[in-house]
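The values are calculated or read from the model by the stated rules, or taken from the named source; none is laboratory data. Everything numeric here is computed off the predicted structure, so don't read it as measured data. Quick reminder, even Gly has a Cβ in these numbers, built from the backbone with ideal geometry, and neighbours come from all protein chains shown.
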Amino acid sequence: MEEALRRGWENLIGRPDGPMNFRLLIQPAVAILFAIRAGLRDARNGQSPFLWAIFSNPGQRRELLRQGWKDVGTVFIVALILDSIYQVIVHSGIYTLELLITATILAIVPYAMFRGLVTRLARRQSADDGQPGNLGTPGEDRQQKRKDG
């Protein structure tokens, strides 16, 4: 196990100089574009920031995860395929754990970070523009309030 972790770390560090290094920029950029689109949609609908809502609202967790996977799933699959090709070229084999970690870092992490950030920034911008209905505290779901109220 220690050997696998050491090899994985060395391979992750060595990737920027290796073949197919373009994917280290392209995949996070595409994930961020999907996150921006989803974050703006969240702000427009008055929903809480993505990660906050996942952890603080168990009733919506499944739907949020499904929606997030729908947005970033293709980018994740492409990351898996490209990293598999990279590993075959460089290592003549595929290391599954390393593959999953790399795809997660390149696709899911940027998406999750930027979606909530964009939601917060868009809500703040809407509040500065004087548009009503977009203000709220983290964890407060305006759409749910409208349904209840």
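Can Ile26 be described as closer than 28 Å to Arg124 by Cβ, free of Cβ contacts under 8 Å to residues at least 24 places away in the same chain and not charged (D, E, K, R)? For Ile26, the condition - closer than 28 Å to Arg124 by Cβ, free of Cβ contacts under 8 Å to residues at least 24 places away in the same chain and not charged (D, E, K, R) - is not met. Of everything listed in (1) surrounded by 12 or more Cβ atoms within 10 Å (Cβ to Cβ); (2) under 27 Å from Pro58 (Cβ atoms); (3) at pLDDT below 80; (4) of a type in the set (S, T, N, Q), the single unmet condition for Ser126 is (2).
Scanning the stretch 88-107 for residues that are in contact with a helix residue (DSSP H, G or I) (Cβ under 6 Å, 6 or more places away or on another chain) and either more than 18 Å from Pro19 (Cα to Cα) or aliphatic (A, V, I, L, M) (or both) yields Ile94, Leu99, Ala103, Leu106, Ala107. For the stretch 114-130, check the following and say yes or no: at least one residue is under 16 Å from Leu24 (Cβ atoms) and either in contact with a Leu (Cβ under 9 Å, 6 or more places away or on another chain) or in a helix (DSSP H, G or I) (or both). Checking the stretch 114-130: not a single residue is under 16 Å from Leu24 (Cβ atoms) and either in contact with a Leu (Cβ under 9 Å, 6 or more places away or on another chain) or in a helix (DSSP H, G or I) (or both).
Would you mind stating whether Ile32 is farther than 24 Å from Gln125 by Cα and either part of a helix (DSSP H, G or I) or modelled with pLDDT of 85 or more (or both)? Give the steps one after another, and end with the answer.
Working: farther than 24 Å from Gln125 by Cα: no; either part of a helix (DSSP H, G or I) or modelled with pLDDT of 85 or more (or both): yes.
Criteria not met by Ile32.
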